[in-house]
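For reference, the structure discussed in these notes is given below.
Derivation of every value follows stated rules applied to the coordinates shown; laboratory data play no part. Quantities reported herein were computed from a predicted structural model and do not represent experimental measurements. Using ideal geometry, Cβ is built from the backbone for each residue, glycine included, and neighbour counts are taken over all protein chains shown.
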Amino acid sequence: MEKLNIYIPSKNRVDNSTLLKFAETTEQDITVVVEPQDYEKYKIKYPNFNYLVLPINNGGITYVRNFIKKYTENNSIDNYWQLDDDLTGLFYREGTKLVRTGFEALKKAQEQFKNNNIALGALEYRQFAWSATKELIINSFCDSCVYVDNIKLKGLTYRQYVEGKEDRDFAMQVIKLGQKTARTTLFAFSAPANGSNAGGLKEIFYDLGKELICVNRMVELWGENICVPIIKENGRNDIKIIWDKINSKQISLF
């Protein structure tokens, strides 16, 4: 089975990253991506991980995503996984039952993606996977536990202009290129609600109310027929993406 290349960007979560605490107990080769200001404390806490130290502090999540992608491309790494540091569990599905597992879920999902010619993949959210009727959700979003095929997506970058929705926008760009995205419902992850736990983007994005800015910019780039602004039950600004219109012949934004 093909090797896993796993990168975990982490910021200000040296003491409260559930994923890093779990990864430390496994034999899986892990690369943690950190800012210069955080490197020493992460290295002391987790001495056995590999580290990729960013050139600058506070560059933002889009900067980190693009740094990882360029680094892997420059080092001839054909594919990689990018995992949010606040994941709380990985699972495989047996019918409607989800069973907790480890990084072997990524190995099997990677094989599934390669067999189905997927350029950008992800595990499904735990709360949706159990009731799934399909093994793959094609051409939709890929979040939090993401697989990137560098061969199919060489040179494609995340857009800083829509930071906060950079993952959704990246998936949309992949579809616009004529490549396929997919979430596998055979494997799933769990994670806290966006902006609910300290570190990561909480203090520098969610607490500052920046969601409305990226929502408006997504509408600007893609149009209201693809990105529909909504307000969620908890009061958060968000967008509903009409995925099947991205490559509609009526669309002339690009």
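Observations on the model:
- Taking amide H as placed 1.01 Å from N in the peptide plane, residue 79 has its amide H under 5 Å from the amide H of 150, each at least 5 places away in sequence or on another chain.
- Cα-based shape type of the stretch 12-92, given that a ≥ b ≥ c are square roots of the gyration tensor eigenvalues and the cut on a/c is 1.5: oblate
- Greater than 23 Å apart at Cα, pairs in 180/245; 134/210; 108/165; 70/180; 21/41; 21/97: 134/210; 108/165; 21/97
- Net charge of Cβ neighbours under 13 Å - reference residue 48; Lys, Arg +1; Asp, Glu -1: 0
- Computing FRET efficiency as 1/(1 + (r/R0)^6) for residue 248 and residue 51, where r is the C-beta to C-beta distance and R0 is 41 Å, gives about 0.40.
- Mean ellipticity per residue at 222 nm, deg cm²/dmol - from DSSP H runs of n ≥ 4 across the chain, formula -39500 (n - 2.57): -7500 deg cm²/dmol
- Net lengthening on full extension, residue 224/residue 15 (0.36 nm per residue, minus Cα-Cα): 71.1 nm
- Pairwise centroid distance, computed over Cα atoms, of the stretch 113-161 with the stretch 8-53, Å: 24 Å
- Cα gyration tensor, the stretch 6-195 - rounded (a/c under 1.5), prolate or oblate: oblate
- Protection-proxy order for peptides 53-62, 66-75, 12-21, each taking the mean of Cβ atoms within 10 Å per residue, highest first: 12-21, 66-75, 53-62
- Under 16 Å from residue 232, Cα to Cα: aspartates and glutamates that are on another chain or at least 8 residues apart: 211
- Dipole magnitude for the stretch 1-154: about 180 debye, using +1 per Lys or Arg Cβ and -1 per Asp or Glu Cβ, origin at the Cα centre.
- Relative contact order (%) - the chain, alpha-carbon pairs under 8 angstrom, separation at least six: 19 percent
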